[in-house]
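Peer 1: Here it is, the structure in full.
The values are calculated or read from the model by the stated rules, or taken from the named source; none is laboratory data. From a predicted model like this one, the values you see are computed outputs, not experimental measurements. We place every Cβ from the backbone using ideal geometry, glycine too, and count neighbours over all the protein chains shown. Just the protein is used for accessible areas: all its heavy atoms, side chains included, with ligands, DNA and RNA removed. Shrake-Rupley method; radii C 1.70, N 1.55, O 1.52, S 1.80 Å.
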Amino acid sequence: MYPEFEDLALKLFHVDAVKFGEFMTKSGIKTPVYFDLRVIVSYPDVMELISNLLHNFAMKGLEYDHLCGVPYTALPIATLLSVQTKTPMLMRRKEAKSYGTKKMIEGHYSAGQKCLIIEDVVTSGSSVMETVKDLRKEGLKVNDAIIILDREQGGSQNLANNNVQIKSLFTMSTLIEILVRKGKISENIAFKVKQYLNDTKAPSSDNKKSNNRMLLTFEKRSELSSNPLSKQLFNIMATKKTNLCLSVDLTSSTSILNLLEKVGEHICLVKTHVDIIEDFNPDFVAQLKQLADRFNFLILEDRKFADIGNTVSLQYQKGMFKIADWADCVTSHSLPGEGVLKALSSSCNGVAKGVFLLAEMSSEGNLITPEYREASVNMAAKYPNLVMGFVCQNKDTFNNPGLIQLTPGVQLESSKDDMGQIYNTPEKVILENGADVIVVGRGIVASKSPESQALIYKEALWKCYTKRVSGKLE
Ligand code: S5P
């Protein structure tokens, strides 16, 4: 072994890029080892050492016209290598801009050119594959990836299945071996880490299909769901062959009831904003519930709770709307923290009610970040009986096939309104962005014939869903 590798292993240990102890992973599993290579940006000597080693060892013999770092941790390393080797760099956007045909790949390139991927840590290989897919969509050839650390949990095999070969500076075993030899960790810790890595292999890209919510039918997902209301909604969709949620943003109770009378057969869910109804009254609620029973759809009050638990509990149960008495489910922001979910789960006297947590928004310039989204999903994982899914725009928000992605901001043509709402098409939101239930408001409500328009939406949305689960996308 070259001494530079030992030097890098020790440096990574000393800057806490690799830690041993007891940690919680994103998915809530306990792990005895933790990597956070993001910290290396604070240590120029470590950055320099990594890029030199990648250059001198991993990149040797590979052919490439461009370099592309997997966002975000590998970006500065890719930049260093680009400058060092005078190779042009490409950048992949982590979040597709939700409006229009915003490019996913930045930089100048032509189809047929070769691109080398740079990544910090590979576990299942899925992050590398996301970048590879976007580059390949542009006609670029991607055959190789260079990696700082391969956790040996199945990623290199998954990538090889997708024709990407990896070269890594360390495998987990070599890193552990160095740290034991240099007296930084005990044999006992090394044993525990190896055992953990063996026991928690990432699913192989073949098995993954059986757990990929993009490919599973609503019937199957109902079986996989542990949330009673999600199960019910999946079953309604499967039975009625509709994944249309109508957002009845009208201000009179009669107009809402009349509309539902006409379109009830086409929807799986109705979404209300009761606080905009000028003549709200208990009789309206009774009639709404009757329609829901008659046409077999659920009621979602889009209250978007966003206060401390105690206030949310009062807003949910009291006041003139008494939402908890009639809504099957509600929407809530995650911003205030867990208190909001505690309030909603303890407010319904043991009756199963559901929550869709907002993990993203459809409006232009909204302040939600990827970290906020991730934290919302982690928070929801603690309330599986309450949280039915997420209001979000991207399929990467969550993986659990038992949860439901509710996506608003949909019309037949992509466009915007003049107050920041962004509309994407059914194809885009279902086939690319992972929407399960699609919220349509003005696309139906403001049309000349809401009844026929609802049917058009229902059919367009269902066609995309059946295409998606058939797996024949490309
Ligand atoms: O991010 C969001 C979340 C929601 S719930 N963006 C949204 O537009 N919504 C709601 O979906 C919004 O409050 C409105 O009721 C509906 C979209 O209506 P449309 O008329 O723009 O289709």
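Peer 1: Helix 370-380: angle to the longest alpha-carbon principal axis of the chain, degrees 0 to 90, nearest 10?
Peer 2: 60 degrees
Peer 1: If each residue of separation counts as 0.36 nm, what is the full-extension length gain between LYS60 and GLU223 once their alpha-carbon separation is subtracted?
Peer 2: Computed gain between LYS60 and GLU223 is 53.7 nm.
Peer 1: Can you give the accessible area per residue of the stretch 24-159, in Å², using a 1.4 Å probe?
Peer 2: For the stretch 24-159, the solvent-accessible area averages 46 Å² per residue.
Peer 1: At 1.4 Å probe size, with the rest of the protein present, what percent of the exposed accessible area of the chain is carbon and sulfur atoms?
Peer 2: With neighbouring chains kept in place, the figure for the chain is 51 percent.
Peer 1: Would you please classify the overall shape of the stretch 303-412 from the alpha carbon gyration tensor, given that a ≥ b ≥ c denote the square roots of the eigenvalues, rounded means a/c under 1.5, and beyond that prolate means a/b larger than b/c while oblate covers the rest?
Peer 2: prolate
Peer 1: Residues of the stretch 218-470: accessible area per residue at 1.4 Å, in Å²?
Peer 2: For the stretch 218-470, the solvent-accessible area averages 42 Å² per residue.
Peer 1: Here is a follow-up. Do you know the relative contact order of the stretch 3-209, to the nearest whole percent, from alpha carbon pairs under 8 angstrom that are 6+ apart?
Peer 2: 17 percent
Peer 1: How much length is gained if the chain between ARG136 and TYR372 is pulled fully straight, taking 0.36 nm per residue apart and subtracting their Cα-Cα distance, in nm to one decimal?
Peer 2: Extra length available between ARG136 and TYR372 comes to 82.0 nm.
Peer 1: Could I have the simple spin-label model distance between ASP396 and ASP279, label points 7 Å from Cα toward Cβ, reported in nm to one decimal?
Peer 2: 4.9 nm
Peer 1: Could you derive backbone 3J(HN,Hα) for the stretch 462-470 from the dihedral phi with the Karplus parameters 6.51, -1.76 and 1.60 (θ = phi - 60°), listing whole Hz in sequence and x where the residue is Gly or Pro?
Peer 2: My calculation for the stretch 462-470 gives 5, 4, 5, 4, 5, 5, 4, 6, 6 Hz in order.
Peer 1: Sort the chain into rounded, prolate or oblate with this rule: let a ≥ b ≥ c be the square roots of the eigenvalues of the Cα gyration tensor; rounded if a/c is under 1.5, and if a/c is not under 1.5, prolate when a/b is larger than b/c, oblate otherwise.
Peer 2: In terms of gyration-tensor shape, prolate.
Peer 1: Also, quick follow-up: If a paramagnetic tag sat 7 Å from the Cα of ASN143 along the Cα-Cβ line, which residues of the stretch 51-85 would have the backbone N under 19 Å from that point?
Peer 2: Only 57-68 fall inside the zone, counting backbone N under 19 Å.
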